[in-house]
Amino acid sequence: MTDDAPVTVLDQDGVERALARMAKEITERNEGMENLVLLGIQRRGVELSERIRALIQQEEGAAILSGAIDITLYRDDLAQVGPRPVIGESTLPLEGIDARTVVIVDDVFFTGRTARAAMGELMDWGRPSRILLCVLVDRGGRELPIQPDIVGRTLSVLPRQKVDVRVPEIDGRLSVEVSPARAEAT
């Protein structure tokens, strides 16, 4: 193993335990499943949201509305992304999000900019009664005054370190890894 190798901070069992806690906290904060919608942020937030949805449905015995949002066009750095950004699909429940508790699910919370973009997109789609932000990993480093409501794991990492959530659908495994700090370009 080299010094550049990522360090696994949550293996599959650890991620599954964190998701189970998060699922319970979502139903507790919503006082059940009534008017609950889970929306995963493209890419890995969608897979995490589906896992949480399955856990809640298994525990509560009823279906939950869910969907996915792609925040690409709502980013505050869109001009820096390039002339042809890759845009994923946003799919919201046919029943809509008005007067519902919407839980935005993402993999890693860092600056707050992705969450701000997600809330901006939601407001274009409707008027939820409440929005909760649910993240598997809170790595700190806020640039905006936004905090997650539900957190699977809080990590203290250096600003130049990278936190990666791996999901089987994309990466072939379920884990959270931290890469060593990258050297500054000279």
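The values are calculated or read from the model by the stated rules, or taken from the named source; none is laboratory data. As the structure is a prediction and not an experimental result, all values here were calculated from the model. So basically every Cβ, Gly included, is an ideal-geometry build from the backbone, and we count neighbours across all protein chains shown.
Going by what's in this entry, would ALA99 be described as out of contact with any strand residue (DSSP E or B) (no Cβ under 9 Å at 6 or more places or on another chain) and within 29 Å of GLY32 (Cβ to Cβ)?
yes
Filter region 106-130 down to the residues that are more than 13 Å from the chain's Cα centre (by Cα) and basic (Lys, Arg) and list them by number.
Within region 106-130, ARG127, ARG130 qualify.
Looking at (1) surrounded by 15 or more Cβ atoms within 10 Å (Cβ to Cβ); (2) assigned to a helix (DSSP H, G or I), which one does GLU169 not meet, given that it meets all the others?
Looking at each condition in turn, GLU169 falls short on (1).
Among the candidates ALA99, ALA62, single out the residue that is modelled with pLDDT of 95 or more, farther than 27 Å from ARG160 by Cβ and surrounded by fewer than 17 Cβ atoms within 10 Å (Cβ to Cβ). Let's see the steps before the verdict.
Details: ALA62 fails: modelled with pLDDT of 95 or more.
After applying the criteria, what remains is ALA99.
Only one of these conditions is not met by ALA23: (1) outside any helix (DSSP H, G or I); (2) in contact with a helix residue (DSSP H, G or I) (Cβ under 6 Å, 6 or more places away or on another chain). Which number is it?
(1)
Can you give me the number of residues within region 134-179 that are in contact with a Gly (Cβ under 8 Å, 6 or more places away or on another chain), of a type in the set (A, V, I, L, M) and free of Cβ contacts under 8 Å to residues at least 24 places away in the same chain?
Total satisfying the criteria: 1.
Within region 136-166, can you find the residues that are surrounded by 13 or more Cβ atoms within 10 Å (Cβ to Cβ) and under 19 Å from ASP13 (Cβ atoms)?
Within region 136-166, LEU136, VAL137, VAL151, GLY152, ARG153, LEU155, VAL163, ASP164, VAL165, ARG166 qualify.
Write out, first by first residue and then by second, each pair whose Cβ atoms fall under 6 Å of each other, whose residues are 6+ apart or on separate chains, and whose first residue, in region 15-30, is closer than 9 Å to ILE56 by Cα while the second is aliphatic (A, V, I, L, M).
These pairs meet every condition: ALA20/LEU55; ALA23/ILE52; ALA23/LEU55; ALA23/ILE56; ILE26/VAL103; THR27/ILE56.
Quick one: how many residues across region 107-127 are of a type outside the set (Ser, Thr, Tyr), in contact (Cβ under 8 Å) with a residue 60 or more places away in the chain and within 20 Å of LEU158 (Cα to Cα)?
First, the residues of region 107-127 that are of a type outside the set (Ser, Thr, Tyr): 107-110, 112-113, 115-127.
After this cut, where a residue has to be in contact (Cβ under 8 Å) with a residue 60 or more places away in the chain as well, the list is 107, 118, 122.
Okay, now just the ones that are also within 20 Å of LEU158 (Cα to Cα), so 107.
Counting residues in region 107-127 that are of a type outside the set (Ser, Thr, Tyr), in contact (Cβ under 8 Å) with a residue 60 or more places away in the chain and within 20 Å of LEU158 (Cα to Cα) gives 1.
Could you check region 26-74 and list, in sequence order, the residues that are in contact with a strand residue (DSSP E or B) (Cβ under 6 Å, 6 or more places away or on another chain), among the hydroxyl-bearing types (Ser, Thr, Tyr) and part of a helix (DSSP H, G or I)?
SER49
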